[in-house]
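Here, each number is a calculation from the coordinates, and none is a lab measurement. Since the model is a prediction, treat every value here as computed from it, not as a measurement. Glycine gets a Cβ as well: all are built from the backbone with ideal geometry, and neighbour counts include every protein chain shown.
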């Protein structure tokens, strides 16, 4: 009978070790993994319960007709077919397209304006800390509360704050919230103003992390300020831009305050977005199946956009 040494312990070959000894040796070899999983497992369980269970419930309800009172009734793909059909002159397809256009417009204006402001705040300006606080301040307030104040500010009559101001210059009161020209502009500008503080903060952090040696080398090669911005600054901002574009499109596609509180989806459904439609169908008309079907469409749209962004990022940087 031969003897062998395992991790400093002499054992008889072929002999069955006690369970306690086997567990001790197993833990000795996997100590780091056990420690890591002991911290990860509670969060994994929480994430699975709070994410995948509701998602599975959403998918299941989207195949039913349910009014929260009577039991759900299976209807198959009828809800999704209604969303993508010519129902009410392609009503839901227009809602989806309108939501996508607003989301792209909000994201583009947010990124361009936020990057420009971050460039200014990155300069050696006197009192720049005050200006940074001012730009971030709107992000601190509740969107619903600010939307209520904005509705009072843009009231149609002469008692509206904005109409009172322009009235001092002899301009007649404007029905801002029912004007087909101004309502889409307000729908885009309000979420940009409310959330631009986060964009500025992230771009500012990215600008301050750029290696100054890159600028010095480019200046030695004769680069001017415009070339420094184009060939040094902007390429270094790609990871920040990638993060902002993903989080920004998710937030702008789920815009809720403007159509719900300020415009009520009007005028002529111009601000009737997908999240507002989900709320109106699910909790207004008590058609939970149709509402969850639209939620599923929104989820797939955002997932496809994020996947496209990740794929482009991986191809460009090989990660």
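Structure data summary
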| read-out | value |
| --- | --- |
| Burial ranking of peptide ranges 156-165, 37-46 (average Cβ count within 10 Å, highest at the top) | 156-165, 37-46 |
| The chain: angle of helix 182-208 to the longest principal axis, Cα-based, in degrees nearest 10 | 40 degrees |
| Sorted by Cβ density within 10 Å, fewest first, the residues 278, 220 | 220, 278 |
| Residue with peak Gaussian network fluctuation, the chain [Cα springs, cutoff 10 Å], from 235, 259, 267 | 235 |
| Ranking of 63, 115 by count of other Cβ atoms within 10 Å, fewest first | 63, 115 |
| Computed [θ] at 222 nm, deg cm²/dmol, the chain (DSSP H ≥ 4; -39,500 (n - 2.57); rounded to nearest 500) | -19500 deg cm²/dmol |
| Anisotropy class of region 160-319 from Cα gyration tensor, a/c 1.5 cut | oblate |
| Residue order, fewest to most beta carbons within 10 Å, for 87, 313 | 87, 313 |
| Cα long-axis angle, helix 143-153 against the chain (0 to 90 degrees, to the nearest 10) | 10 degrees |
| Label corresponding to Rg and Dmax of the Cα atoms in Å when calculated from the structure given, among [x] 24.3, 86; [y] 28.1, 108; [z] 19.4, 60 | [y] |
| Mean separation of Cα contacts under 8 Å, 6 or more apart, over the residue count of the chain: relative contact order % | 24 percent |
| Within a Gaussian network of the chain (alpha carbon springs, distance under 10 Å), most fluctuating of 167, 60, 97 | 167 |
